[in-house]
Amino acid sequence: MPTVTMTVNGKAVRRDVDPRTLLVNFLRQDLRLTGTHVGCDTSQCGACVVHVDGRAIKSCTSLALSCDGAQVTTIEGLSRGGELHPMQEAFRQHHGLQCGYCTPGMIMTAVDLVARKGHHLDEGTIREELEGNICRCTGYHNIVKAVAAGAEAMAAPAEIPAIAAE
């Protein structure tokens, strides 16, 4: 079996894989990163979106071997030090979810959207960019609000803790 080597959420991984292994299955089964969901196996729903070398892709139609040497980020890799990523926090604050199944893919798509189109997104742009992500529970209203808020929050500089005076 061929060997695949990649960096996933900042950690180097190396595994022997069947050449037919999809990236989504590699992440979920081999690495136990179950935040990336399988919703359709045909790239229609977007529940499987991850970032490969900084770009959003649908991992249900990408072979793990095609990502050899790549940097892969899953929903688990967005938070840092126990703090949610600004887009994750925006989804929480604006109730951009119901059952939550589509949420990881929506968030990963939204982070990619901000990287490509900037921090000030109008509703039309957000809705158009989310067309490849299906939510079966909501009318998308709160998801769109969450993406807009998350985009703005991603533009805000990180708070730097004050240094105590000596």
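Restricting Gly35, Gly77 to residues that are among the small types (Gly, Ala, Ser) and within 23 Å of Cys137 (Cβ to Cβ) narrows the list to Gly35. Looking across segment 1-15 at every residue that is of a type in the set (S, T, N, Q) and in a strand (DSSP E or B), the one that is surrounded by the most Cβ atoms within 10 Å (Cβ to Cβ) is identified as Thr7.
Being touching a strand residue (DSSP E or B) at 6+ places or on another chain (Cβ under 6 Å) and surrounded by 14 or more Cβ atoms within 10 Å (Cβ to Cβ) is the filter here; which residues of segment 16-30 pass it? Within segment 16-30, Val17, Asp30 meet the criteria. Exactly one residue out of Thr74, Thr21 is of a type in the set (S, T, N, Q) and more than 16 Å from the chain's Cα centre (by Cα): that is Thr21. Among the conditions (1) closer than 29 Å to Arg136 by Cα; (2) modelled with pLDDT under 95; (3) out of contact with any Ser or Thr (no Cβ under 9 Å at 6 or more places or on another chain), Thr21 misses just one, which is (2). Keeping to segment 59-88, report how many residues are touching a strand residue (DSSP E or B) at 6+ places or on another chain (Cβ under 8 Å) and open to solvent by 50 Å² or more (accessible area, probe 1.4 Å). Counting residues in segment 59-88 that are touching a strand residue (DSSP E or B) at 6+ places or on another chain (Cβ under 8 Å) and open to solvent by 50 Å² or more (accessible area, probe 1.4 Å) gives 6. The set of residues in segment 50-84 that are free of Cβ contacts under 8 Å to residues at least 40 places away in the same chain and of a type outside the set (S, T, N, Q) comprises Val52, Asp53, Ile57, Cys60, Leu78, Arg80, Gly81, Gly82, Glu83, Leu84. Residue check: is Cys40 surrounded by 18 or more Cβ atoms within 10 Å (Cβ to Cβ) and either under 11 Å from the mean Cα position of the chain (by Cα) or touching a residue at least 12 places away in the same chain (Cβ under 8 Å) (or both)? Against the criterion (surrounded by 18 or more Cβ atoms within 10 Å (Cβ to Cβ) and either under 11 Å from the mean Cα position of the chain (by Cα) or touching a residue at least 12 places away in the same chain (Cβ under 8 Å) (or both)), Cys40 does not qualify.
The values are calculated or read from the model by the stated rules, or taken from the named source; none is laboratory data. In this text, all values refer to a predicted model and were calculated from it rather than measured experimentally. So basically every Cβ, Gly included, is an ideal-geometry build from the backbone, and we count neighbours across all protein chains shown. Remember, those area values only see protein heavy atoms, side chains included, never the ligands or the DNA or RNA. Shrake-Rupley method; radii C 1.70, N 1.55, O 1.52, S 1.80 Å.
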